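Asker: Please read through the structure below; I'll follow up with questions.
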Amino acid sequence: MTNPTTPATRVAVLGSGSWGTTFAMVLADAGCDVRLWGRSADVAEEVTTQHTNARYLPGITLPAMTGTTDAAEALADAQIVVVAVPSQVARATLTALRDLVEPDAVIVSLMKGVELGTDERMSQVIVEALDVPLSRVAVVSGPNLALEIAERQPTATVVACIDEDAARFVAEACSNPYFRPYTNDDVVGVELCGAVKNVIALAVGMAQGRGFGSNTIATVITRGLVEITRLGLELGADAATFSGLAGMGDLVATCTSPLSRNNTLGRHIGEGMSLEEAVTATGTTAEGAKSCRSVLDLASKHGVDVPITSGVVSVLYDGLPVEDMARGLLSRPQKAEGIGG
Ligand SMILES: NC(=O)C1=CN([C@@H]2O[C@H](COP(=O)(O)OP(=O)(O)OC[C@H]3O[C@@H](n4cnc5c(N)ncnc54)[C@H](O)[C@@H]3O)[C@@H](O)[C@H]2O)C=CC1
Ligand SMILES: O=C(CO)COP(=O)(O)O
């Protein structure tokens, strides 16, 4: 917690939705001086004066922090800039703020998506949009369902950065009695795990919505991890990442929790809703609904077979019934178990 002899690390969090607000809370509880930037003046005022963000975190009392809609105010002197907007708007959001970011700030991505059109991971988007070196970009990802963390339930996460000192700086800034960060240098692996597990969680939700039970769920999770691993290894990720917190840890949390928006959206689809109806019923950001297409595209470019992701895209965008997706996956050619195919 706060050391009275050293000044608090100053952090700007961009995005005042459920994870941005919760991570701002994690940082404030770790002793940081936090400014939370969002588009809504009402939310900013509520965060500052009432210490709540009732729309995204009902029933939660936040620690002291400043909410603002003024990006210049949020970013002035910020040593860490945390990005927590939906992946598909990251580039536009950051490009507009580029001149306000302090030259030596470490940029932290909380986002779990792949950009449509470019198939870029969020660290790549940040490097381009802010014109910063990758050594100043860190990724935080793990089994981190916002609503549980906002209740200060214990969990751990991974802070990935190619620069060890930057990873440690971010880990120290967010470490508190209920949030334990581990560092690693596998940015590619950690980001892919975060984005693709959302697609696998959609598939699990679809199976649940269709009425399939534990065997199906376990099969999709296990073969989903194979799919993530196969793609990640092809893109240069470290094999150890997939069995870690950002890999298996987050996959299990997201696929099995009713708090997951991706799992929820998948269940709505499995129960018969259209994509549009399911997005409306889910409410907040379910990244996998869009990223499934960029993940499939990325995998195709690299010649990697991702049958579950492909099935999810077909269900969401081509009207394939969920039971036909299941039949299609099970009727693929026989093979030995492993990441080979
Ligand atoms: N909620 C969770 O449990 C977790 C979410 N994440 C990731 O964090 C990222 C953010 O998700 P959430 O906070 O959960 O989403 P959310 O839907 O709760 O909030 C998104 C926020 O971004 C704002 N926003 C949307 N478009 C914007 C724009 N153009 N400019 C500025 N702000 C904009 C919205 O107004 C809202 O405040 C996603 O990539 C998600 O996958 C990662 C770990 C946990
Ligand atoms: O990433 C998450 C948990 O780690 C949150 O998952 P959802 O976006 O599906 O809610």
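Asker: Could we say that residue 254 is over 15 Å from the mean Cα position of the chain (by Cα) and either part of a helix (DSSP H, G or I) or more than 13 Å from ligand 1 (Cβ to nearest atom) (or both) here?
Answerer: Considered against the rule, which asks whether it is over 15 Å from the mean Cα position of the chain (by Cα) and either part of a helix (DSSP H, G or I) or more than 13 Å from ligand 1 (Cβ to nearest atom) (or both), residue 254 comes out as no.
Asker: Might you let me know whether the stretch 87-109 holds any residue that is in the same structural domain as residue 28 (by TED's automatic domain parsing), in contact with a Ser or Thr (Cβ under 8 Å, 6 or more places away or on another chain) and either closer than 17 Å to residue 173 by Cα or more than 16 Å from ligand 2 (Cβ to nearest atom) (or both)?
Answerer: Yes, the stretch 87-109 contains a residue that is in the same structural domain as residue 28 (by TED's automatic domain parsing), in contact with a Ser or Thr (Cβ under 8 Å, 6 or more places away or on another chain) and either closer than 17 Å to residue 173 by Cα or more than 16 Å from ligand 2 (Cβ to nearest atom) (or both).
Asker: Please verify whether the stretch 265-272 includes one or more residues that are in the same structural domain as residue 325 (by TED's automatic domain parsing), farther than 23 Å from residue 326 by Cβ and surrounded by fewer than 21 Cβ atoms within 10 Å (Cβ to Cβ). Show your work before the answer.
Answerer: Pass one, the stretch 265-272, residues in the same structural domain as residue 325 (by TED's automatic domain parsing): 265-272.
Still in the list and also farther than 23 Å from residue 326 by Cβ: none.
For the stretch 265-272, residues in the same structural domain as residue 325 (by TED's automatic domain parsing), farther than 23 Å from residue 326 by Cβ and surrounded by fewer than 21 Cβ atoms within 10 Å (Cβ to Cβ): absent.
Asker: Among (1) within 24 Å of residue 99 (Cα to Cα); (2) part of a loop (DSSP other than H, G, I, E, B); (3) away from ligand 1 (no atom under 13 Å from the Cβ); (4) free of Cβ contacts under 8 Å to residues at least 60 places away in the same chain, there is one condition residue 39 misses while meeting the rest; what is its number?
Answerer: Status for residue 39: all satisfied but (3).
Asker: Please specify each residue of the stretch 273-295 satisfying the condition of being in contact (Cβ under 8 Å) with a residue 40 or more places away in the chain and either within 14 Å of ligand 1 (Cβ to nearest atom) or more than 14 Å from residue 196 (Cβ to Cβ) (or both).
Answerer: The initial filter retains those residues of the stretch 273-295 that are in contact (Cβ under 8 Å) with a residue 40 or more places away in the chain, namely 275, 284-295.
Passing the criteria: 275, 284, 285, 286, 287, 288, 289, 290, 291, 292, 294, 295.
Asker: Those residues that are modelled with pLDDT of 95 or more, crowded, with 22+ Cβ neighbours inside 10 Å and under 26 Å from residue 148 (Cα atoms), I need them from the stretch 283-316; list them, please.
Answerer: 286, 287, 288, 289, 291, 292
Asker: Does residue 123 fit the bill of being modelled with pLDDT of 95 or more, surrounded by 16 or more Cβ atoms within 10 Å (Cβ to Cβ) and within 25 Å of residue 241 (Cα to Cα)?
Answerer: On the way: modelled with pLDDT of 95 or more: yes; surrounded by 16 or more Cβ atoms within 10 Å (Cβ to Cβ): yes; within 25 Å of residue 241 (Cα to Cα): yes.
Judged against the criteria, residue 123 is a match.
Asker: Looking at 217, 221 in this structure, which one is within 16 Å of ligand 2 (Cβ to nearest atom) and either touching a residue at least 60 places away in the same chain (Cβ under 8 Å) or buried (at least 20 other Cβ atoms within 10 Å of the Cβ) (or both)? Explain how you work it out, then say what you get.
Answerer: Working: 217 fails: either touching a residue at least 60 places away in the same chain (Cβ under 8 Å) or buried (at least 20 other Cβ atoms within 10 Å of the Cβ) (or both).
Just a single option satisfies the conditions, and that option is 221.
Asker: Among the residues of the stretch 70-106, write down those that are in a loop (DSSP other than H, G, I, E, B) and either touching an Asp or Glu at 6+ places or on another chain (Cβ under 9 Å) or small (Gly, Ala, Ser) (or both).
Answerer: Keep residues of the stretch 70-106 that are in a loop (DSSP other than H, G, I, E, B), which gives 70, 76-79, 84-86, 101-105.
Correct list: 76, 77, 78, 79, 84, 86, 102, 105.
The values are calculated or read from the model by the stated rules, or taken from the named source; none is laboratory data. All figures in this text were calculated on a predicted structure; none of them were measured in a lab. Virtual Cβ from ideal backbone geometry, glycine too; neighbours counted across all protein chains shown.
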